[in-house]
Structures are given as structure tokens and as C-alpha cells.
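Written below as C-alpha cells is the structure these notes are about.
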Amino acid sequence: MKIGILGGGQLARMIALAGYPLGLKFIVLDPDPNAGAAGLSEHLLGAYDDPNLLAELAEKADIVTYEFENVPAHVAEFLSSHTKVYPPAGALAVAQDRLLEKNFFKDLGIRTAPFAAIDSLIDLQKAMPYIGYPAILKSRRMGYDGKGQVVIKSAEELESAWYSMQGAASIVEGFVPFQREVSIIAARSPSGEIAYYPLSENQHRGGILRVAECCTNDPEQAIAENYVSLLLEKLDYVGVIALELFDLNGELLANEFAPRVHNSGHWTIEGSETSQFENHLRAILNLPLGSTKPRGYAGMVNFIGGLADDAQLLNIPNAHLHLYDKTPRKGRKVAHATIRTDSETAYREALQHLADLALAVDES
């Protein structure tokens, strides 16, 4: 069985690593000659919408999936007419447009921050009495890791904020004074079987995820599962999905969803009975989903822009290092490390040690 993946970055790399014990083979389409998954798969080098490469991918792959949501939706639609594509192209289309996504949440009865469509400075000025300050102006498409967005703190900043978007169709959202950011990851198979992971509590800086921790028996777990189940059923979803949420005094507000395996679930590689990557493969192949039960205390720290000394990291008890084979660059995810232990004290000490090392590298 050969799995095709649109995108060959670190998520594709981890999908392939999870698939090899299952006897799976992989083929990735990616324009980067140094794509992280290239060494673990056949690599089709070129644009995502190259018709010849798409035809080759459709011919060679038994099933196609993708590792990030900025793959053109029409590409997934084209491939769907030639082979199985999971998650479905419809989920990709919704996730790629922040306005469609927010209206999708609204239609399902899932609360969000107040929002409005913005296509001009006048639109922005008219929306602010309803949205309030502070607010965040975001491009409707192609934003990730804090890109394509600007914070607005007062009416005096409206003009400069709008012109920073360079005319791109946008959305403005009210700021949520949340107590914490969480996400829930779930997997659904074509047969309708669903597996939910425990909530992850997430820490961001500069719009990029820095730390994610498994929250066993979290009081908001049932609400999050209900929200993500609504998405899964409405989209007739197959594969792993991640729903990012704000916790506001015990009430969860949806921020966005990712139709793919997700950075906040990397702790599942060592910290869960079945990783999100293996369950993604099980789901798209319509195999029984694996247990999502956590294995003790588990968390993850991202390394952004650079990496501490390997020996120093591996000397931390219960640490597991995952390198992405990517050239260090400011703002770029180059690795992560997980902690998995049965001792809460040992877990907290190791996680803090990792976070301190990651911060030192990022600020150097």
C-alpha cells in the first residue's frame, strides 16, 4: 500500500515514520528539493498544481492525504476524481478561508469571538463598534504561525492595519481575554469510528506554538469532544483533525481547525498508546483506530529558529528528540522534544528545562 502526501515537511516525515511499522510506503509531492520527508519516500519535485506530477501521484498512490492546509483545494478535488483523498477536499476548502471557517462554526452553534468580513478600510471602520478593541485583522487565506495578521489597539491604527494587508480579503476578530489556549485532536474513519485525544494546553509566542501539554481528565474535555464531533459529522471527515479553542472562564470558543495532524499533538508520539500520526493512517485506511490513552505525564516543546546541543537535550531524563532535517532560520520550526514520564515532579522539571533551552536558542 502506497500513501501519497501533498507536502513533504516535518508532518509528512512523521506520518511516514509512523507508517513504516505498518508496512506502508510513501510518495510525496513538494516543491522543495530538501523536503524533510524526501529521504523517507519517493519525492515528486515540483508545484502542487503541476498537472503531470498530479497525474503521476494519482497513478502511483492508493490513497492521498496532505500535511498542511494551504495545498490548493482544487488540487485535492482533481485528485479525488482519480483516487481516494482524505481528509475530503471540502474540509480543506473551509479551513483555507477564515471567513468560511468562522461562519461554519456559527452554523454549527459553536461559539467564536465576534468577527466581520473586511474588504476595505471603510468595512473595517464600520465593523469596529461591534468588534471592539483590541482586535486582530487577519487575511482570509494563507495565514499560519502568526503570519498575515496584525493587532489593532485603537481607532488610530485602523488605516495602517488595513494597508498592511495590501488589499487582501480579510476578517477582523475581537480579542478573547482567555485563561488558556487548548486544542483537541480526533481521528475519524470512513466507517464513522471516532477516537478523541485528551485536550492539549498550549502556549504560543509570536503566533507560534512553543509548548503543548497533555491534560488528562480535563474538565472541558466533554465540551471539546462535542464541538469536534460536530465538525467531523458535518464534513463527513476522514483522518485526523485538530480544533483550536480559547478557554474563557470555563467556556470554550473556537479559534480555528486544521484538517491534518497537528503540532499540538506531537506529544502523542511517546505520550499516547497510539500517536496521532499512526491513527491518521489507520483512519484513512479504514483500519480500527488505536487507543488514545495517555501514558503518564506527557508534553512537547518546539525548537524555533535553531537547536540546542543534541547531547545536552538527550541528557535530560525522559526526553525524546525529533529533528526535522531543516536548515535553521529565524521563526522556523526545526525540531521538537517530548517528555513522557510517570512522575509529575520529574515531568515538570524536564519540561521546564526543555522550554528554557528552546527560549535561549530562539532569542540568540
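The values are calculated or read from the model by the stated rules, or taken from the named source; none is laboratory data. Keep in mind it's a predicted model, so treat the numbers as computed, not measured. Methodologically, a virtual Cβ is constructed for each residue, glycine included, from the backbone with ideal geometry; neighbour enumeration extends over all protein chains shown.
Test each condition in (1) surrounded by fewer than 20 Cβ atoms within 10 Å (Cβ to Cβ); (2) assigned to a strand (DSSP E or B) for Ala55 and report the one that comes out false.
(2)
Within the set of pairs 6 or more residues apart or between chains, which connect a residue that is farther than 27 Å from Leu285 by Cβ inside segment 88-108 to a residue that is in a helix (DSSP H, G or I) and of a type in the set (D, E, K, R) with Cβ atoms less than 7 Å apart?
Note: pairs meeting the criteria are Leu108/Lys234.
Among the residues of segment 272-312, which ones are buried (at least 19 other Cβ atoms within 10 Å of the Cβ) and charged (D, E, K, R)?
Glu278, Arg282
With the checklist (1) within 30 Å of Gly306 (Cβ to Cβ); (2) modelled with pLDDT of 95 or more; (3) assigned to a loop (DSSP other than H, G, I, E, B) in hand, flag the one item Met142 doesn't pass.
So the condition that Met142 fails would be (2).
Restricting attention to segment 56-85, and to residues there that are among the polar types (S, T, N, Q) and either assigned by TED's automatic domain parsing to the domain that holds Val240 or more than 21 Å from the chain's Cα centre (by Cα) (or both), which single residue is nearest to Gly23 (Cα to Cα)? Let's see the steps before the verdict.
Start the filter on segment 56-85 by keeping residues that are among the polar types (S, T, N, Q), which leaves 65, 70, 80-81, 83.
Then drop every residue that is not either assigned by TED's automatic domain parsing to the domain that holds Val240 or more than 21 Å from the chain's Cα centre (by Cα) (or both), which leaves 80-81, 83.
Details: Ser80: 24, Ser81: 26, Thr83: 20 Å.
Among residues in segment 56-85 that are among the polar types (S, T, N, Q) and either assigned by TED's automatic domain parsing to the domain that holds Val240 or more than 21 Å from the chain's Cα centre (by Cα) (or both), the one nearest to Gly23 (Cα to Cα) is Thr83.
Before we move on, is Val238 of a type in the set (Val, Ile, Thr) and touching a Pro at 6+ places or on another chain (Cβ under 8 Å)?
The answer is yes for Val238.
Only residues that are modelled with pLDDT of 95 or more and surrounded by fewer than 17 Cβ atoms within 10 Å (Cβ to Cβ): list them for segment 76-96, please.
none
Quick one: count up the residues across segment 182-202 that are touching a residue at least 24 places away in the same chain (Cβ under 8 Å) and acidic (Asp, Glu).
As a first pass, look at segment 182-202 and keep what is touching a residue at least 24 places away in the same chain (Cβ under 8 Å): 182-191, 193-200, 202.
Imposing the further condition that a residue be acidic (Asp, Glu) reduces the set to 193.
So the answer is 1.
Can you list the strands (runs of 3 or more DSSP E) lying wholly within segment 297-359 that have 3 or more residues being in contact (Cβ under 8 Å) with a residue 60 or more places away in the chain? Working first, answer last.
Working: elements: 297-304, 319-323, 333-341.
Because the criterion is at least 3 residues that are in contact (Cβ under 8 Å) with a residue 60 or more places away in the chain, the strands (runs of 3 or more DSSP E) in segment 297-359 that meet it are 297-304, 333-341.
Out of the residues in segment 232-253 that are of a type in the set (A, V, I, L, M) and more than 14 Å from the chain's Cα centre (by Cα), state the one that is surrounded by the most Cβ atoms within 10 Å (Cβ to Cβ). Can you show your working first?
First pass over segment 232-253, keeping only residues of a type in the set (A, V, I, L, M): 232, 235, 238, 240-243, 245, 248, 252-253.
This time we only want the ones that are more than 14 Å from the chain's Cα centre (by Cα), so: 232, 235, 238, 248, 252-253.
Details: Leu232: 22, Leu235: 20, Val238: 26, Leu248: 15, Leu252: 21, Leu253: 16.
The extreme case among them is Val238.
Only one of these is farther than 30 Å from Val238 by Cβ and hydroxyl-bearing (Ser, Thr, Tyr): Ser164, Ser81, Ser183. Name it. Step through it out loud before you land on a result.
Values: Ser81 fails: farther than 30 Å from Val238 by Cβ; Ser183 fails: farther than 30 Å from Val238 by Cβ.
Going through Ser164, Ser81, Ser183 in turn, the sole match is Ser164.
Out of (1) under 30 Å from Thr345 (Cα atoms); (2) outside any strand (DSSP E or B); (3) touching a Lys or Arg at 6+ places or on another chain (Cβ under 9 Å), the odd one out for His204 is which?
Checking His204 against (1) under 30 Å from Thr345 (Cα atoms); (2) outside any strand (DSSP E or B); (3) touching a Lys or Arg at 6+ places or on another chain (Cβ under 9 Å), the one that fails is (2).
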